[in-house]
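Colleague: Take this structure, written in structure tokens, and hold onto it; I'll ask about it next.
The values are calculated or read from the model by the stated rules, or taken from the named source; none is laboratory data. Keep in mind it's a predicted model, so treat the numbers as computed, not measured. No Cβ is skipped: glycine too gets one built from the backbone with ideal geometry, and neighbour counts run over all protein chains shown.
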Amino acid sequence: MRGFKQNVGDIHLYIKLVNELSVLGHRGTLLIVRKSKIKPAAKEHSMKLKYALGIFSCFLLMWTPLLHSAEAPELSVRQAIQINAPANEVWDVVSDFGGIHNWLIFIKDTKITLGKNRQKGAIRLLTRGNGTKIEERLVAYDPSNMTASYSYVQGVPLSSDYYSTMTVKIINKGLSQVEWKATFRRVHYWRDTPPGARDDETLVKLYNKIYEVGLKGIKDKIESGSI
């Protein structure tokens, strides 16, 4: 990553040098300047700038495919479960942005640190069972359609570009369905081969397991009357 940043810095330097060229014409075509009007010092400076432009072009050719390959694919997961309870009762549990620890065993504690519970823009601080913390923002909240979405703010994330949505649907008077889905990318998105067990397949399996366990937790808590 350090080498990547250094080379990007070199590219910015070359761009700065290229901008000094007063002989750049339409669409990057170099205008031919009459030699009789170029002083020796200016001529030497012009040659150096042209050389820098050549190096800059080589860097673009070399780094463009690498930058494209470093753009990790967007991943997604979806889990759903049916619960023997009216939708409004299920939504009351799902919509509690500060109460995820009540049904997701991987979360030890939840605190609303900004805004108010069940209001768009609220931020919650989650403490996981292993002691790591993550902040999440409620980015969408629609009680009429019983759906809410949130994303990571800061902390120790499992992924990048994380966007998760939970929705409660009415099946019949006493039966509901909870859908939990998300899109994300791996944390080390700039590496074709991420370190350790952090590849795309492992990450998808991890989220599917978390969502499966979480939805079962909601079902068990509601149907047993313990929440």
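Colleague: Just checking, does the range 166-187 include any residue being under 26 Å from LYS116 (Cβ atoms) and acidic (Asp, Glu)? I'd like the intermediate steps shown before the answer.
Modeller: Initial filter on the range 166-187 (under 26 Å from LYS116 (Cβ atoms)): 166-169, 176, 178-182.
Pick out the ones that are also acidic (Asp, Glu) and you get 179.
Yes, because at least one residue in the range 166-187 is under 26 Å from LYS116 (Cβ atoms) and acidic (Asp, Glu).
Colleague: Can you tell me which of THR113, THR127 is buried (at least 16 other Cβ atoms within 10 Å of the Cβ), of a type in the set (S, T, N, Q) and in the same structural domain as ALA80 (by TED's automatic domain parsing)?
Modeller: Working: THR113 fails: buried (at least 16 other Cβ atoms within 10 Å of the Cβ).
Selected residue: THR127, the only one of THR113, THR127 that is buried (at least 16 other Cβ atoms within 10 Å of the Cβ), of a type in the set (S, T, N, Q) and in the same structural domain as ALA80 (by TED's automatic domain parsing).
Colleague: Among strands (runs of 3 or more DSSP E) lying entirely in the range 82-156, which contain 2 or more residues that are under 14 Å from THR167 (Cα atoms)? Step through it out loud before you land on a result.
Modeller: On the way: elements: 107-114, 123-128, 133-142, 147-155.
Where strands (runs of 3 or more DSSP E) fall fully within the range 82-156 and carry at least 2 residues being under 14 Å from THR167 (Cα atoms), they are 133-142, 147-155.
Colleague: If LEU67 satisfies every condition in (1) modelled with pLDDT under 95; (2) over 21 Å from SER159 (Cβ atoms); (3) in a helix (DSSP H, G or I) but one, which is the exception?
Modeller: (2)
Colleague: Still on this structure, I have one more. Against the definition (more than 18 Å from ILE81 (Cα to Cα) and at pLDDT below 95), how does PRO143 come out, yes or no? First the steps, then the outcome.
Modeller: Values: more than 18 Å from ILE81 (Cα to Cα): yes; at pLDDT below 95: no.
For PRO143, the condition - more than 18 Å from ILE81 (Cα to Cα) and at pLDDT below 95 - is not met.
Colleague: Those residues that are at pLDDT 65 or above and not β-branched (Val, Ile, Thr), I need them from the range 195-204; list them, please.
Modeller: In the first step, residues of the range 195-204 are kept if they are at pLDDT 65 or above; the result is 198-204.
ARG198, ASP199, ASP200, GLU201, LEU203 - these are the residues of the range 195-204 that are at pLDDT 65 or above and not β-branched (Val, Ile, Thr).
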